[in-house]
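Below: one structure, written as structure tokens.
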Amino acid sequence: MARGVYSICFMCTVRCPIKVTVDRDEVKWIEGNPYVPGIEGALCAKGSAGLALLQDNERLQYPMIRTGPRGSGQWRRAGWDEALDYVADRLREVMGKHGSRSIVFGERTNLNTHISKTFMKAIGSPNHFTHDALCKGSVNTAFRSLTGYNDTQVGVDYANTRHIVMYGRNIFEALEIKAVNSLLDAMDRGAKLTYIDPRVSITATKADRYWMVRPGTDLALNYALIHTILKERLYDEEYAARWVLGLDALQAFVQPYSPEWAQEETGIAASEIVALARETAEAKPAVVFHYGYRGAHHTNEIAFRRSIIILNVLMGSIEAKGGLFFKKGIPATGRADLQKYVDQEFPKITEPRFDGSGTALFPIADTYHGNPQMLAHAILNEDPYPIKALIANRFEPLQSIPDSSATRKALDKLDLLVSIDIHFNEFAWYSDVVLPESIYLERSDSLQAASGLKPQIVMRRQAVLPRHDTRPGWLILKQLADRLGVGHYFPYKTIEDIWSYQLKNTGLKIEDFAAKGFVSLSDQPIFWNRKDGIKLKTPSGKFELVSSLLEDAGFPSFPPYKSVPAPEAGFFRLLVGRCAAHTHVSTQNNLYLNELVPENELWIHTSAAASLGIEDGGYVEVSSSCGTSKIRAKVTEFIHPEAVFMLHGFGKTVPVLTRAFMKGTSDAILQENISDRVGGSPALDETLVTVKAVD
Ligand SMILES: Nc1nc2c(c(=O)[nH]1)N[C@H]1C(S)=C(S)[C@@H](COP(=O)(O)OP(=O)(O)OC[C@H]3O[C@@H](n4cnc5c(=O)[nH]c(N)nc54)[C@H](O)[C@@H]3O)O[C@H]1N2
Ligand SMILES: Nc1nc2c(c(=O)[nH]1)N[C@H]1C(S)=C(S)[C@@H](COP(=O)(O)OP(=O)(O)OC[C@H]3O[C@@H](n4cnc5c(=O)[nH]c(N)nc54)[C@H](O)[C@@H]3O)O[C@H]1N2
Ligand code: SF4
Ligand SMILES: [Mo]
């Protein structure tokens, strides 16, 4: 008989709650969890394609040890004991010769990150990094500089907003189901959407106002908005008087940055900029200037993200209904937080991190996450010390870090490459040992504390038995730890042991999750009082426009604007992004999703294409200072003439991925590895490329 299993989707990182209908160990149907407001059965295309992932015979099926040269595709199947012994032996050798610090563990944050971090603390290495800096490190630092909280502790009240402004936050393609549904409902009730992007994305087509900004100049636009808001006293004066530190300094700073000045730089009419300032002020405090993720990554990104958050502060929208809010965690509901293995006592690690995070290179980046873009530099230059082994878990160094040829060269120097993945990604194919994880439908994971206006705890529960000889990540790491003599930090055998450990002090039980897959801890949204109750964590207890975090590290709070020159003739700024049918580098070979979007194309403006003799659908060669690759052209009016654009995640060179093999190209081949050293993110939209027609 069919039964419903409540769990959490993992076709992308958003982790929507789902209901999986299972009959005799077969998945019959996947839908959004009907009990969750804003989800109510909904799933995106990728979520539905979980069925194709389960049945995919091109995914990793058993542990493997390399037998030929790296990348040759020569493997032998191994049992788990043999593969784990092999990895543990090599790790022990490396640690014996070069110390624990020579081992690096990189992963995309996931429900078991507290276990991966435990693993690294147990073996005594400071070098656990996450993908965070590659995604939104500068957003993280910008929030910390202004509020003392990082970006994951902040949310958007889409449902109640009256006007939302997005800078390349392409929410209708780079989507989160609940946010999209809530925003569409708000728009039905009259909320306005202003969208700014050098490219006409799907979000642009749904906006009330769309501006094709000149690439990389959004900061000029924001300085002009702030200039207008302060000059016309459009801000929330009472809120500013209570909560803001440095308003006078900001006012003096933006004085020269008039809308007329910004018009020259951005290509957006001064009158339009003034109109937006006035319109958003009318809707305040139910206004959101979305802080974004991946749009506009440049070396001055920190200043751009701060300017967006400052606009919210001026509108008094932080902790207002319809604005931004600080996410409330389990303790805000009077219960103790989940217990984490990583909070145990470990021998102290005194070595610095390998990636410059928290040292002179990236002094104020978030050391919890690190700066993975330094991987190749650190390995090739043994700076600050030799690295010898890399374990990548749910992370793809060869496609997710800019300048893949440098990364590959660096990997060649390592003694051990281990991939914990579900697919043969480029890194897995190049590694020495592959430890295949069971997919999300075949495994349970650690509980997730879902903080928000109404905090919850959510459970991923196994729906069916593993189809192949795969294991959950939390078990793989424990079994490695056992072999390295540090198994006592992993006091569990089953997932129930992990759940009980996590829930120990909360007053909740595993059974509480059976009915709906989650436990709600508050019926009412928890807002702090905007008059006197906002618990800011900056030293001053205020929104620090003049930031102690920045200034103590020697960085100005308000760096003067540097004009962005138009690329020289023949050059274009390479912009990248996502589409609704794919997740980063993970889904290009999925049977269903590959059918929807089989390859990426290079968007190029009609006028530029005409002068270069490029035809729509024809092939072009794209070159940067790092590499060259071939891709089909999409000739269109819908992109700024200074830019070209491609989707991230294509260009697979692993032959066993028959559906995605050699389709399109990888942006990481072309992107130069330069960073915003203050915020911590690589400047992924900074690279200039040339384009020429080829056969
Ligand atoms: N379908 C799908 N959804 C996802 C994901 C996924 O992989 N697939 N991933 C999730 C993750 S991890 C993330 S970080 C988010 C990313 O969410 P977004 O940041 O919204 O997504 P991107 O597609 O990277 O969009 C970047 C946009 O910025 C624009 N852009 C480039 N340069 C500039 C500029 O100078 N100014 C402005 N204003 N815009 C510019 C690009 O043209 C592009 O449209 O999406 C999340 N949701
Ligand atoms: N060049 C370039 N680099 C980028 C970006 C870009 O646009 N261009 N975007 C940046 C952003 S926003 C982000 S968030 C990061 C994302 O960077 P990554 O984390 O590297 O990307 P993903 O595609 O999310 O997943 C990486 C790997 O996880 C595997 N995987 C999927 N599910 C599971 C699972 O259940 N278990 C295990 N063990 N593995 C699994 C996939 O097969 C894939 O090989 O990339 C960043 N880097
Ligand atoms: S947005 Fe889609 S793929 Fe991502 S978790 Fe939600 S349903 Fe799954
Ligand atoms: Mo991301």
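The values are calculated or read from the model by the stated rules, or taken from the named source; none is laboratory data. Just so we're clear, the structure is a prediction, and the values are computed from it rather than from any experiment. Here Cβ is always computed from backbone atoms with ideal geometry, including for glycine, and neighbour counts include all displayed protein chains.
Say whether the condition of being of a type outside the set (Val, Ile, Thr), assigned to a helix (DSSP H, G or I) and either surrounded by fewer than 20 Cβ atoms within 10 Å (Cβ to Cβ) or free of Cβ contacts under 8 Å to residues at least 12 places away in the same chain (or both) is met by at least one residue in the range 449-458. Don't jump to the end; show me each part of the working.
Taking the range 449-458 first, the residues of a type outside the set (Val, Ile, Thr) are 449-456.
If we keep only those that are assigned to a helix (DSSP H, G or I) too, we end up with none.
No - not one qualifying residue is present in the range 449-458.
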Note to self: Suppose we filter 462, 399 for residues that are of a type outside the set (Phe, Trp, Tyr) and over 24 Å from the mean Cα position of the chain (by Cα); which single one remains?
What the structure shows: 462
Next item on the list: Select from the range 47-81 the residues that are under 18 Å from residue 426 (Cα atoms), in contact with a helix residue (DSSP H, G or I) (Cβ under 6 Å, 6 or more places away or on another chain) and small (Gly, Ala, Ser) and list them in ascending order.
Entry: 71
Next item on the list: Take the range 152-166 and flag every residue that is surrounded by fewer than 23 Cβ atoms within 10 Å (Cβ to Cβ), assigned to a helix (DSSP H, G or I) and under 20 Å from the mean Cα position of the chain (by Cα).
Entry: 152, 153
Next item on the list: Name the single residue, out of those in the range 38-58 being more than 16 Å from ligand 2 (Cβ to nearest atom) and over 24 Å from the mean Cα position of the chain (by Cα), that is modelled with the highest pLDDT.
Entry: 41
Next item on the list: Identify, by number, the condition in (1) more than 16 Å from ligand 1 (Cβ to nearest atom); (2) modelled with pLDDT of 95 or more; (3) surrounded by fewer than 17 Cβ atoms within 10 Å (Cβ to Cβ) that residue 64 doesn't meet.
Entry: (3)
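Just name the residue that is modelled with the lowest pLDDT out of those in the range 342-371 that are among the β-branched types (Val, Ile, Thr) and out of contact with any Lys or Arg (no Cβ under 6 Å at 6 or more places or on another chain).
Filtering the range 342-371 for residues among the β-branched types (Val, Ile, Thr) gives 342, 349-350, 359, 364, 367.
Those still in the list that are out of contact with any Lys or Arg (no Cβ under 6 Å at 6 or more places or on another chain) too: 349-350, 359, 364, 367.
Numbers: 349: 96, 350: 94, 359: 90, 364: 98, 367: 97.
Only one residue tops the list, namely 359.
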Note to self: Condition first: more than 17 Å from residue 292 (Cα to Cα) and surrounded by 24 or more Cβ atoms within 10 Å (Cβ to Cβ). Now tell me which residues in the range 210-222 satisfy that.
What the structure shows: none
Check: Residue check, residue 84 against (1) in contact with a helix residue (DSSP H, G or I) (Cβ under 7 Å, 6 or more places away or on another chain); (2) surrounded by fewer than 16 Cβ atoms within 10 Å (Cβ to Cβ), all met but one. Which one?
Finding: (2)
Next item on the list: Might you let me know whether the range 545-565 holds any residue that is in contact with a strand residue (DSSP E or B) (Cβ under 8 Å, 6 or more places away or on another chain) and over 30 Å from residue 254 (Cα atoms)?
Entry: no
Notebook entry, point to check: Looking at (1) in the same structural domain as residue 419 (by TED's automatic domain parsing); (2) among the hydrophobic types (A, V, I, L, M, F, W, C); (3) within 16 Å of ligand 4 (Cβ to nearest atom), which is the only condition residue 75 fails?
Noted result: (3)
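Within the range 167-177, is even one residue part of a strand (DSSP E or B) and either surrounded by fewer than 22 Cβ atoms within 10 Å (Cβ to Cβ) or within 16 Å of ligand 2 (Cβ to nearest atom) (or both)?
Yes.
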Notebook entry, point to check: Do you know which of the residues in the range 209-249 that are out of contact with any His (no Cβ under 9 Å at 6 or more places or on another chain) and assigned to a loop (DSSP other than H, G, I, E, B) is nearest to residue 639 (Cα to Cα)?
Noted result: 217
Note to self: Just checking: which of the strands (runs of 3 or more DSSP E) contained wholly in the range 622-695 hold 1 or more residues that are touching a residue at least 40 places away in the same chain (Cβ under 8 Å) and touching a Pro at 6+ places or on another chain (Cβ under 6 Å)?
What the structure shows: 643-647, 688-694
Next item on the list: Identify the single condition in (1) away from ligand 1 (no atom under 16 Å from the Cβ); (2) modelled with pLDDT of 95 or more that residue 524 does not satisfy, given that it satisfies every other one.
Entry: (2)
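Per-residue answers, yes or no, for (1) within 16 Å of ligand 3 (Cβ to nearest atom); (2) assigned by TED's automatic domain parsing to the domain that holds residue 38; (3) touching a Gly at 6+ places or on another chain (Cβ under 9 Å); (4) on the phi > 0 side of the Ramachandran plot:
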residue: 170; (1), (2), (3), (4): yes, no, yes, no
residue: 173; (1), (2), (3), (4): yes, no, yes, no
residue: 178; (1), (2), (3), (4): yes, no, yes, no
residue: 183; (1), (2), (3), (4): yes, no, no, no
residue: 187; (1), (2), (3), (4): no, no, no, no
residue: 194; (1), (2), (3), (4): no, no, no, no
residue: 218; (1), (2), (3), (4): no, no, yes, no
residue: 221; (1), (2), (3), (4): no, no, no, no
residue: 226; (1), (2), (3), (4): no, no, no, no
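Based on this model, can you work out whether residue 519 counts as more than 27 Å from residue 218 (Cα to Cα), among the aliphatic types (A, V, I, L, M), in contact (Cβ under 8 Å) with a residue 24 or more places away in the chain and not in a loop (DSSP other than H, G, I, E, B)?
Details: more than 27 Å from residue 218 (Cα to Cα): yes; among the aliphatic types (A, V, I, L, M): yes; in contact (Cβ under 8 Å) with a residue 24 or more places away in the chain: yes; not in a loop (DSSP other than H, G, I, E, B): yes.
The answer is yes for residue 519.
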Check: Can you tell me how many residues in the range 100-131 are closer than 29 Å to residue 586 by Cβ, in a loop (DSSP other than H, G, I, E, B) and more than 15 Å from ligand 2 (Cβ to nearest atom)?
Finding: 3
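Scanning the range 550-590 for residues that are within 16 Å of ligand 4 (Cβ to nearest atom), of a type in the set (A, V, I, L, M) and assigned to a loop (DSSP other than H, G, I, E, B), which turns out surrounded by the fewest Cβ atoms within 10 Å (Cβ to Cβ)? First the steps, then the outcome.
From the range 550-590, those within 16 Å of ligand 4 (Cβ to nearest atom) are 575-580, 582-587; that's our starting set.
Adding the requirement that they be of a type in the set (A, V, I, L, M) leaves 575-576, 580, 585.
If we keep only those that are assigned to a loop (DSSP other than H, G, I, E, B) too, we end up with 580, 585.
Values: 580: 17, 585: 23.
Checked the range 550-590; the qualifying residue surrounded by the fewest Cβ atoms within 10 Å (Cβ to Cβ) is 580.
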Next item on the list: Would you confirm whether any residue within the range 229-241 is surrounded by fewer than 22 Cβ atoms within 10 Å (Cβ to Cβ) and more than 30 Å from residue 159 (Cα to Cα)?
Entry: yes
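Only one residue in 263, 339 is assigned to a loop (DSSP other than H, G, I, E, B), modelled with pLDDT of 95 or more and in contact with a helix residue (DSSP H, G or I) (Cβ under 9 Å, 6 or more places away or on another chain). Which one?
Values: 263 fails: assigned to a loop (DSSP other than H, G, I, E, B).
Answer to the check: 339.
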